[in-house]
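Colleague: Let me give you the structure first, and then I'll get to my questions.
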Amino acid sequence: MKGAWTVTLALLLANSFAADEARELVLFPFGQGVAVQPTEEFNVQVELLNALYAQLKDIPNLYVLRFRETNPSVRRAIDENRIRRDRLVPPFNEREADGTWRAARVGALLGVDLAFAGQIAEFSYNPTTREAVLTVSGDLIDVASGEVLISIAETGRGRLGTDQEDPNIARIAAVAQAAEKVGAAIRARLTPPTEQLAPTERKRAPDRQQERAVVTLFVLILGAVLGGAQL
């Protein structure tokens, strides 16, 4: 009887937490189009990756990592000739000769569930209008199936204030706006509707963690009662 009860408890707890199993998403470096204005003092690719990471890291049940060629799984795949080094450079949202997305192929080496890869189509600063513009596109790809879950194209703009002179202020604002738009699109695709409620509505929505805690407590108390009855 005690063994059966232990199995039942394990199954109940497993079902309680299975719905919240975290997924992993890798952010790949962006490719750059011909309309990207070279700027020595501002690395737009790094700034955009950092801004997008900040937007995605708080999505429930999603662990976000940035791609690095130094990852042990990637290095091992190179050493074992399972992937060529030239396949580890942007753009990653291109199809390989066998039809698979490069992002999905590399993502499989990393053991992640999702991949986001794209291209910076435009990045410029106009000293006359004092405005920076960034246009970025990308694809969110399911690594296992190779399915494109969502394709995104967004533009961010930033303009210097009347008392500002540093163009990087406008560039940072453009990057932040574009990253916010892309992040919102990914969040909408990955987050269940109940998780997207406004703060006031979210308070009225059922709290899944509280529900699971109550169920778990009830199961434990029931187990204690049944165990006592056996004595």
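The values are calculated or read from the model by the stated rules, or taken from the named source; none is laboratory data. Computed from a prediction, not measured in an experiment: that's the story for all the values here. Every residue, glycine as well, gets a Cβ built from its backbone with ideal geometry; the counts of neighbours run over all protein chains shown.
Colleague: Has region 41-61 got at least one residue that is of a type in the set (D, E, K, R), surrounded by 15 or more Cβ atoms within 10 Å (Cβ to Cβ) and either touching a residue at least 12 places away in the same chain (Cβ under 8 Å) or part of a helix (DSSP H, G or I) (or both)?
Modeller: Of region 41-61, the ones of a type in the set (D, E, K, R) are 41, 47, 57-58.
Checking the rest, the ones that are also surrounded by 15 or more Cβ atoms within 10 Å (Cβ to Cβ) come to 47.
Then keep just the ones that are either touching a residue at least 12 places away in the same chain (Cβ under 8 Å) or part of a helix (DSSP H, G or I) (or both); that gives 47.
Checked against the condition, which is being of a type in the set (D, E, K, R), surrounded by 15 or more Cβ atoms within 10 Å (Cβ to Cβ) and either touching a residue at least 12 places away in the same chain (Cβ under 8 Å) or part of a helix (DSSP H, G or I) (or both), region 41-61 yields at least one hit.
Colleague: Let me spell it out: the conditions are (1) touching an Asp or Glu at 6+ places or on another chain (Cβ under 6 Å); (2) farther than 14 Å from G31 by Cβ, and R102 meets all of them except one. Which number is the exception?
Modeller: Every condition holds for R102 apart from (2).
Colleague: For region 153-183, name all the residues that are part of a loop (DSSP other than H, G, I, E, B) and either surrounded by 19 or more Cβ atoms within 10 Å (Cβ to Cβ) or not polar (S, T, N, Q) (or both). Outline the logic, then answer.
Modeller: Filtering region 153-183 down to residues part of a loop (DSSP other than H, G, I, E, B) leaves 160-166.
Correct list: L160, G161, D163, E165, D166.
Colleague: Give the residue, chosen from I150, I141, that is surrounded by fewer than 20 Cβ atoms within 10 Å (Cβ to Cβ), under 30 Å from D86 (Cβ atoms) and modelled with pLDDT of 95 or more.
Modeller: I150 is the lone residue from the list that is surrounded by fewer than 20 Cβ atoms within 10 Å (Cβ to Cβ), under 30 Å from D86 (Cβ atoms) and modelled with pLDDT of 95 or more.
Colleague: Residue check: is A108 closer than 15 Å to R66 by Cα, aliphatic (A, V, I, L, M) and within 17 Å of the chain's Cα centre (by Cα)? Walk me through it before giving the result.
Modeller: Working: closer than 15 Å to R66 by Cα: yes; aliphatic (A, V, I, L, M): yes; within 17 Å of the chain's Cα centre (by Cα): yes.
It is true that A108 is closer than 15 Å to R66 by Cα, aliphatic (A, V, I, L, M) and within 17 Å of the chain's Cα centre (by Cα).
Colleague: Here is a follow-up. If you go through region 121-128 one residue at a time, do you hit one that is closer than 22 Å to Y63 by Cα and modelled with pLDDT of 95 or more?
Modeller: Residues of region 121-128 closer than 22 Å to Y63 by Cα: none.
For region 121-128, residues closer than 22 Å to Y63 by Cα and modelled with pLDDT of 95 or more: absent.
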